[in-house]
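Beneath this line is the structure, given in structure tokens, with notes to follow.
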Amino acid sequence: FFSTGHMSGKDKGPAVLCQSAIRSHTWNAPTSHVALVPNNKDIVVYEAAGDDCTQWKALHTLSNHDQKVLGVHWDPNTNRILSCSEDRTAYVWEFSNGKWDPKVVHLGSAINRAVLCCSWSPDGTRFAVGTGAKLVCVCYFEEEHNWWVGKAIKHHQSSITALAWHPMHSGLLATCSTDQHVRLFSAYLKEMDKGENFGKFGTLLREIPAKAWVRDCKWSPDGAVLAFVAHDATLTTVDITDDYRTETVKTRLLPFNSIAFPTTTTIIAACNDCFLYAFTKSGTSWTLSGKLRSDAGVEKKTSSVSLARAKFQLEANMGQATAVDKLESKHQNVISELQVKQAGDDWVVSSSGYDGQIYLWRPKDVMPL
């Protein structure tokens, strides 16, 4: 199932980290290990030494979900791993005595659809899960009962696609939805919060409309700007320190799937054309400024229709390692997720894809458009 080298025989192809699509990935605090979802019911933890993911070593397989895992997030504060699944459950995994032990999260009977995304708060005291049941659950640990319990946030009209906690406040949560809105909610829990109060739990603080499904959202490192990408190939930024001033950058590209916010003036976006693009801030405005280079080359000239057909077939096979044609991009199939491995001027962003690979990107990879 997993490969760290070239395949042999007539099926020989390029070395890949995973022989199936990678749906999601997340780093531990020192970024020495990565947990990923190989498009099945498991989470696999790797020792991630160096940039070449095909040389990473699989250490643990976390198996407790009954259906495909859709999201995973590693809390840097407590070293716990959070996972969510099509089976309508979420688990918190704790490492003890050389193995990962799961603890089920009590989400409530209202969650009658898949749990699509999950995210720890910045202080690790709680986490949120987004569902296909039009609900977000904010979960915290009840010492008295020794379990994780969730409180529901409503107001959504469709599935929740992404979540983003404010980096400075565990009481402020942003959500994305296929109802074409981004929303800011109070996640204040009187049981544990003593600092800034954003209002009663579940209070809708702001509703920001988009013109298409919203795919992903991220906060800037300083928490001043919330950025999100929609299915109409736009990037929108919202400056909450300037009366929620909103700016939308329109592109002629394919839609973006995921974004990373490594510095206050840089946003990296993963496009459906299998490339990564850079947006930069100059003054108060954002522009599409660069494309991240690829070392891959085209082996065979083909028409765009043929490439589209090949990509469709690859996606239908969920990350088959061998392709009909080699794309110009480094990823040979759709990019599923971006993560900030290292923030700051010397940022490092990781990308996972349906081609079974994880790549690392740095400022030197950005080529001006």
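Readers should treat all values here as calculations from the given coordinates under stated rules, not as data from a laboratory. Since the model is a prediction, treat every value here as computed from it, not as a measurement. All Cβ positions, even for glycine, are placed from backbone atoms using ideal geometry, and neighbour counts span all protein chains on display.
By the count of other C-beta atoms within 10 Å, a proxy for reagent exposure, Thr246, Thr236, Thr284 are ordered fewest to most as Thr284, Thr246, Thr236.
Full extension of the chain segment joining Ala212 with Gln55 gains 52.6 nm, where the gain is 0.36 nm per residue of separation less the Cα-Cα distance. Take 332-344, 44-56 and order them by the average number of nearby Cβ atoms within 10 Å per residue, most first; the result is 332-344, 44-56.
For segment 127-201, the Kirkwood radius over C-alpha pairs fed into Stokes-Einstein at 4 °C and 1.567 mPa s yields D = 101 µm² per second.
Remark: the Cα gyration tensor places the chain in the oblate category, a/c being 1.5 or greater and a/b not exceeding b/c. With helices as the sole contributors, the chain gives -1000 deg cm²/dmol at 222 nm; each DSSP H run of n ≥ 4 counts as -39500 (n - 2.57), and the sum is divided by every residue. Measuring spread by the Cα atoms of segment 21-209 yields a radius of gyration and Dmax of 16.3, 49 Å. Fully extending the segment from Asp232 to Asn79 would add 51.4 nm, taking 0.36 nm per residue of separation and subtracting the current Cα-Cα distance. Normalised by the number of residues in the chain, the average gap of Cα pairs under 8 Å and 6 or more apart makes the relative contact order 12 percent. Taken over segment 194-245, the ratio of Cα radius of gyration to 2.2 N^0.38 Å equals 1.29.
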